[in-house]
Structure formats: structure tokens, C-alpha cells
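Chemist: The structure's right below; bear with me while I get my questions together.
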Amino acid sequence: QHELPTRPPPPAARRSAHRADSPFSAMAEPQRLRLGILGAARNVPFSILEPMKGNPDLAAKVTVIGLASLAQPEAEDFAKRWGIARAYKNFDEMLQDPNVDAVYNVLPREVRAQWTVRALMAGKHVLSETPVGLNAREALVAQRAAEDMGRVLLEGTHPKCHPVTKRVREMILQGKVGTLEHIDLNLPVAHGLEGQTVCAKAGALMSLGLHGVAIIRALSGEEPKVVSASAHTSKENPDVDTTISCNMKLPSGAGAHLGCSIALDSKAAPSLFTITGSSGCIRVKEWFTGHGKSANEVALEQFVGAGEHFVERIDNPERRDTFYFQLMTFIDEIRGQERRKEVGLPWSYGISKGPHDAVMNMAAVDAIYRAAGLKPRPSSTAPPEPYSHIGASKL
């Protein structure tokens, strides 16, 4: 038996010196969330820095304190390139810094859950890049650590945060398409903002499909069961899926299909989904492209009588892309829980579903792997004690 670690105190209020010429300075107003970046991944500029530069309302709520990478020279190089005030010597130095309230974890998948747990144990809130872990067990470990430490943990399934996704969910609840019958979602490699090289290593399901699973769950408000799945694998690496096709069933009786591909011939295809009901359908495409761009149109076709077509445009400036809403959700979730003085508990989440949502998403991903004749991704690096176990099973 392992004793639970002591819950850390709230981060200190003091501020360190800042560099006046940097928009991501170490100096911050008290209301700003002080964010450290764990890892020098290529998506840091468009997922954190660019949304802050382009949206003063977001920049007023968060400041980037510093960046930690595998080695300090690498951290210094990226910090200078990206205009970040501080480069830490290593990951632990960042986690021990009382001037850091929260971290954005973009470390490789193989060690991501481990360092998310370490960050939570150090008293930091965590916004984790997707996926939060390699499998559902790792996601559950992270959830338990967040609850024990009383810290907010969100997985960056950013399309769920976009107002188009929320509006389509609202339209379904309003009965705009009648009774929900089917959700069809296709994500080609062009959606993979991590880049084709990273997607080719991770596979279609782990790089693209997990977002598709999250979208289907968000739109339906239900937990789908995998009925069947098929995969094409890489000739160079049979363990890597280049395409995934999956059929799912929802408890309400509706069906869902997810298709995703990292094959280069899919690059020109758009990301799109279609929701079909008993009296209409909704079509949306390219609504969370990132890089400061946002498509905000929702097309509704209703079958009643002669049938009518409507195009609704969500009132959202294009510069507010999917990553703007993801970071704003993370900040507002933390501040809301702090005001209620119940931080990190399962019932405390108000504008997001918290780490349990990541657990259920990864459970569905694991099930798709199995249905396609592949193995769920195994853990390679265990989190620190006492979080290296799930029940009697050691990760």
C-alpha cells in the first residue's frame, strides 16, 4: 500500500522579474494565470502563443512564465525564438517554481501521463495535449492524481470547445433534425495540426481519431459502444494505422461512423461531419482548422413539407480559433472552481467535463483498436508512486 502524497498549498503570489519587451513576460497581474510550457513541441505557437497575441481578452487572463525542454539549450533556443521570458534548466525546475500556477503539457505521448501526474503533485493545474495518456488506464491515473491534489486537469480535445460544436449540440437538443439517427465524421490528414511526420508515427486513431471520438461524444451527449472497426496499417510499421473506419452505436439507438486517415492522398479532403435525424440533417466542415482561422457556418436542411435549407453563421471572429476557446475554457474552469472553493473534485467542473471525459474518450479509443484487430497502446513509462497502479494492475 502506498500513502497518498500531501496536497500541495496554492502557488505563491509573488512575481518574478520580467522582460518588458516580451508579450509573454514573467510579470503578470494577479488575475492572470501564470502558465509554464512543458515541452518544446511545434504546436506551442499556434495553440498558445498566437491565440494570446491575436486576442487581447485572452492575453488579459494568462501570461506565459517560461518553457522547459529536455535540455536547457533547447529550451533557451525555443524561448528566444518564441519570445518567452524564461528557459528552465529542466522539467523539475519548472514544477518547483512557485510563480507557475499551471502547465501546458506537450511532451511526447510516451511520457505525457507521467509528467502530468508529476505536475499535479507539484500543485500545478494541467492542460494536457491530446491524448492525456497512451491508454485509458493512464488517463485514469491522471484523473486520480488531479482529484487527490485538488487541481484542474483538462485534456486538449479542442474541437469540443468551439462554439460551432456547441451550437450543433444545441440544435440537436432543440429538435432541429427530429430524432437523432446518425452522426458521420471524417477527418483527413490535413486536420492533423501536429504535422504529417508526427501523425505518421502515432497513427490515424491516436493523432486524429481521438478528436473524432470526442466530437461524437460531445454532439450526442452519450457514450458510444464500438460495433465494428477496420484499419489499414503502414507497410513500414504494421503497428501504425494509416486509416481507421469505425461504426458505433449510441444508447439512444442512433448510430455513428468515424473515419480518419493520415494517408497523403487524403490531404486535400475537408474535415466534415453530418448529423442526420428523422426530419433533417446538419452539415459542417472545416470548423476547427486552427492557425488563427475559424469556419463558422452550420448548414441545416429540414425535410418537413417541401424541405427547407438554412445556413447559420456563428457570431465568432475568425481570429478566435479552436485553440483560443480551449485555453479560455481552461482558465475560466480554474477561476470558477477557485471562486467556489472546490478545486479539482469530480463535481466541481462547470464549463468542461474534466479528466473523467478524457478517461472515457481513451476507453473508446482502446475499444476501437481492439475491434480493428490492433492492440491498445501499452504504457512505456510509469507515473510516480502511488499512481503507478490501477487496482492490482501495475502500469
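Chemist: Place a +1 charge on the Cβ of each Lys and Arg in segment 40-135 and a -1 charge on the Cβ of each Asp and Glu, then give the dipole magnitude about the Cα centre in debye, rounded to the nearest 20.
Modeler: The dipole magnitude comes to about 100 debye.
Chemist: Among the GluC sites (Glu not before Pro) within segment 313-347, which fall in a DSSP loop and have no more than 15 other Cβ atoms within 10 Å of their own Cβ?
Modeler: GLU318, GLU342
Chemist: Another one. Could you report the accessible area of HIS211 in Å², rounded to 10, computed with a 1.4 Å probe on the protein chains as they sit in the structure?
Modeler: The value for HIS211 is about 10 Å².
Chemist: Suppose we look only past 24 Å in the calculated P(r) of segment 21-154. What percent of the Cα-Cα pairs does that tail hold?
Modeler: Cα-Cα pairs in segment 21-154 separated by more than 24 Å: 24 percent.
Chemist: With a Förster radius of 30 Å, plug the Cβ-Cβ distance of TRP347 and SER252 into 1/(1 + (r/R0)^6) and report the FRET value to the nearest 0.05.
Modeler: Efficiency computed from Cβ-Cβ geometry: 0.75.
Chemist: Loop-only check: which trypsin sites (Lys or Arg not before Pro) in segment 329-395 are DSSP coil with at most 15 other Cβ within 10 angstrom?
Modeler: Here the trypsin sites (Lys or Arg not before Pro) that fit, given the DSSP loop and packing criteria, are LYS341.
Chemist: Stretch SER380-GLU236 to full length: gain in nm at 0.36 nm per residue minus the Cα-Cα span?
Modeler: Difference between extended and current length: 49.7 nm.
Chemist: Let me ask something additional. If each residue of separation counts as 0.36 nm, what is the full-extension length gain between GLU222 and GLU74 once their alpha-carbon separation is subtracted?
Modeler: Fully extending the segment from GLU222 to GLU74 adds 49.0 nm.
Chemist: Next question, about the same structure. On a straight-distance basis, which lysines could pair with LYS225 in a cross-link, Cα separation under 26 angstrom, same-chain partners fewer than 8 positions away excluded?
Modeler: Once the sequence-local lysines are set aside, what remains near LYS225 is LYS160, LYS166, LYS176, LYS249, LYS285, LYS353, LYS375.
Chemist: With a cap of 15 neighbouring Cβ atoms within 10 Å, and only residues DSSP puts in a loop, list the chymotrypsin sites (Phe, Trp or Tyr not before Pro) found in segment 32-121.
Modeler: Sparse-neighbourhood loop chymotrypsin sites (Phe, Trp or Tyr not before Pro): none present.
Chemist: Between PHE303 and SER393, what is the label-point separation in nm under the 7 Å Cα-to-beta-carbon projection?
Modeler: Simple spin-label model gives 4.2 nm for this pair.
Chemist: At 1.4 Å probe size, with no ligands or nucleic acids counted, give the accessible surface of ARG137 in Å², nearest ten.
Modeler: Using a 1.4 Å probe on the heavy atoms, I get roughly 110 Å².
The values are calculated or read from the model by the stated rules, or taken from the named source; none is laboratory data. Everything numeric in this text was worked out from a predicted model, so none of it was measured. Note: ideal-geometry Cβ built from the backbone for every residue, glycine included; neighbour counts use all protein chains shown. Ligands, DNA and RNA are excluded from the accessible area calculation, which covers all protein heavy atoms including side chains. Shrake-Rupley method; radii C 1.70, N 1.55, O 1.52, S 1.80 Å.
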